[in-house]
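The values are calculated or read from the model by the stated rules, or taken from the named source; none is laboratory data. Only a predicted model underlies this, so the values are computations on that prediction, with no experimental measurement involved. Here the Cβ is made from the backbone with ideal geometry for all residues, glycine too, and neighbour counts use every protein chain on show. Note: accessible area is taken over every heavy atom of the protein model, side chains too, but ligands, DNA and RNA are not part of it. Shrake-Rupley method; radii C 1.70, N 1.55, O 1.52, S 1.80 Å.
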Amino acid sequence: MKQICVVGVGYVGLVTAACFADLGNRVIALDVNEKRIENLNNGIMPIYEPGLEELVQRNRRANRLCFTTSYSDALNETEFAFIAVATPSGINGEADMQYVAAAAQTIAETMTAPLIIINKSTVPVGTGDWMADIVKRYQKKTIPFAVVSCPEFLREGTAISDFMQPYRTVLGSFDHEAAEKVAQLHLSLRAPIVITDLRTAEMIKYASNAFLATKISFINEIADICEALGADVKEVAIGMGYDKRIGPAMLDAGLGWGGSCFPKDVKALAFMAEEKGLDPKILNTVTHTNYDRRRKVVRNVKKMLGGLEGKTIGLLGLAFKPNTDDMREAPSIDIAQELIAEGATVRAYDPVALENAHNLLPAIETTTDPYTLARDCDALMVLTEWNEFKNIDLERVRDAMKTPLIFDGRNIYDPAEMRALGFTYRGVGRGFDR
Ligand code: NAD
Ligand code: UGA
């Protein structure tokens, strides 16, 4: 049994802590947010992530997982400290490193024994060296330590299975022995382990996210061309995906990518390139076209309704993707704001994100289910592909609406079936006569 400390109990930190505990380690998870720790100690989860609550409770009961706000408690007798604090976008697209800097400084000030500091946050290339300098600067006396980069690749909504069955584990360090020790913690996951230098490990994370975002922006551009030429992008993606060099993942055309990571990480990578005098044209275009989509869907709905002034639009789904309550950079935010700016009244239903959406979108009215949402709407827009929307009673929805018009931003319905039910239906990239 190893003793591990996880610093930052958010989407990544809490999953990391619970999963390492479930793998038989003793984990102390730490956060500066006192309310969050108090709630966790009372069994109240700070985020919605399928399966996480059960995993947390099981490991707390087994005394393998506990929560604290005290760095000295967390670091006591700990050999490994994982940092999983946020790295949001700064003003110019750069990663804001204040939370990582604060965590590294407090670890340095508090540690009393040799420590391997492992960075799980997504951080600019060069951060490992910068963190080592911070730790040296703030240590009260010289205590040996190593910095290891261990970027996280989990997705929200499937975070536990992504952690437990990763495609790979990437480790980077200037200290090979430390990297090997961290590799040992991951051996039971039975995934390939890539051990490299710090900067390369940090770059693998950015390059991976940027590539996935590029793949989505690419299929969205193909969707627009499909729409203009009368092809169906869903079938195009299936046909492309059988080619192993392409693969079927990340080829769902729709509203473009959002979330806490793709937007900030593509921008941060472009920022790093520009700082070195490079011109990252692909990255900048990938971001630009992604945000264009949000305006484009509003233009489409406006055209279909002959204007938005005085119209009531119902939004099915607000979270940036299904199975999460995360609203960070959700396309729904820009879309709702644009609809409101055009004079529409906006109502919404989401199974779990309504609370988080409230502060971001105070002007929208929220409802408790899709049928109440549909009542007297001029149009419904599917913004998140929650499973529960796939099998709703569409006749009931149609009868509740003022005009049965659906803009399906996630292509969850069959165009022919929708038209047979009497809807005016528009998906994304589904051809002009489908
Ligand atoms: P988050 O905002 O959900 O959680 C961060 C937590 O860190 C918060 O609870 C905050 O209170 C805490 N914190 C801030 N400063 C602290 C400090 N000095 N000491 C202790 N705790 C502190 O963030 P997240 O979504 O979990 O992302 C964390 C990192 O992981 C980011 O770099 C992100 O890019 C990366 N990442 C996120 C995901 C994801 O799906 N969310 C996936 C892979 C990688
Ligand atoms: C993404 C990556 O997939 C993870 O590997 C990575 O660890 C994480 O970012 C991170 O660094 O935070 P996540 O943002 O949770 O994970 O979710 P994804 O499933 O990748 O979706 C991201 C966005 O792309 C969502 O808005 C989703 O709706 C959109 N998307 C995804 C599409 O539009 N089409 C697709 O085919 C897939």
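Calculate what fraction, in whole %, of the accessible area of the stretch 98-218 sits on carbon and sulfur atoms when a 1.4 Å probe is rolled over the protein chains.
With neighbouring chains kept in place, the figure for the stretch 98-218 is 56 percent.
Carbon-plus-sulfur fraction of the accessible area of the stretch 234-426, 1.4 Å probe, in percent?
51
I'd like the antiparallel share, as a percent to the nearest 5, of DSSP beta bridges with both residues in the stretch 3-196.
10
Using only the alpha-carbon atoms of the stretch 234-426, report the extent along each of the three principal axes, biggest first, to the nearest angstrom.
That gives 57, 40, 32 Å along the principal axes, largest extent first.
Which residue fluctuates the most in the chain, going by a Gaussian network model with Cα springs under 10 Å, if the choices are Glu53, Glu417, Glu94?
Sorting by GNM fluctuation, first place goes to Glu417.
Measuring from a point 7 Å past the Cα of Arg58 along Cα-to-C-beta, which residues in the stretch 1-24 have an amide N at less than 16 Å?
Zone members listed by number: 15-24.
Give me the net charge of Lys205's neighbourhood, meaning all other residues with Cβ under 9 Å from the Cβ of Lys205; Lys, Arg count +1, Asp, Glu -1.
Residues near Lys205 contribute -3 overall.
Out of the stretch 203-249, which trypsin sites (Lys or Arg not before Pro) are coil in DSSP terms and have no more than 13 other C-beta atoms within 10 Å?
Listed in order of number, the matching sites are Lys244, Arg245.
Membrane-span-like helices in the chain: DSSP H runs reaching 24 Å or more (Cα, own axis), mean Kyte hydropathy at least 0.5?
198-229
Taking the alpha-carbon set of the stretch 1-77, what are its Rg and Dmax in Å?
10.9, 32
Percentage of Cα-Cα pair distances in the stretch 3-196 greater than 20 Å, rounded to whole percent?
52
Within the stretch 242-306, report the chymotrypsin sites (Phe, Trp or Tyr not before Pro) that DSSP leaves as loop and that have at most 15 other Cβ atoms within 10 Å.
Listed in order of number, the matching sites are Tyr242.
For the stretch 198-232 and the stretch 65-128, what is the centre-to-centre distance using only Cα atoms, to the nearest Å?
Here the two parts' Cα centres lie 30 Å apart.
Mind checking the alpha-carbon convex hull of the chain and giving the volume per residue in Å³?
148
For the chain, what is the calculated [θ] at 222 nm in deg cm²/dmol (nearest 500), taking -39500 (n - 2.57) for each run of four or more DSSP H residues and dividing by its residue count?
Mean residue ellipticity, 222 nm, calculated: -13500 deg cm²/dmol.
Which of Val85, Val135, Val236 ends up with the largest GNM mean-square fluctuation for the chain, with Cα atoms connected below 10 Å?
Val236
Before I look further, what does the stretch 316-434 give for accessible area per residue, probe 1.4 Å, in whole square angstrom?
42
What percentages make up the Cα-Cα pair-distance distribution of the stretch 130-253 when the bins are 5 Å wide from 0?
The distribution over the stretch 130-253 is 2, 9, 14, 15, 15, 13, 10, 8, 5, 4, 3, 1, 1, 0, given as percents.
Report the per residue volume, in Å³, of the convex hull enclosing the C-alpha atoms of the stretch 351-425.
Residue-normalised Cα hull volume stands at 88 Å³.
Using Cα springs under 10 Å in a Gaussian network model of the chain, which residue among Lys390, Lys35, Lys276 shows the largest mean-square fluctuation?
Checking each option, the largest mean-square fluctuation is seen for Lys276.
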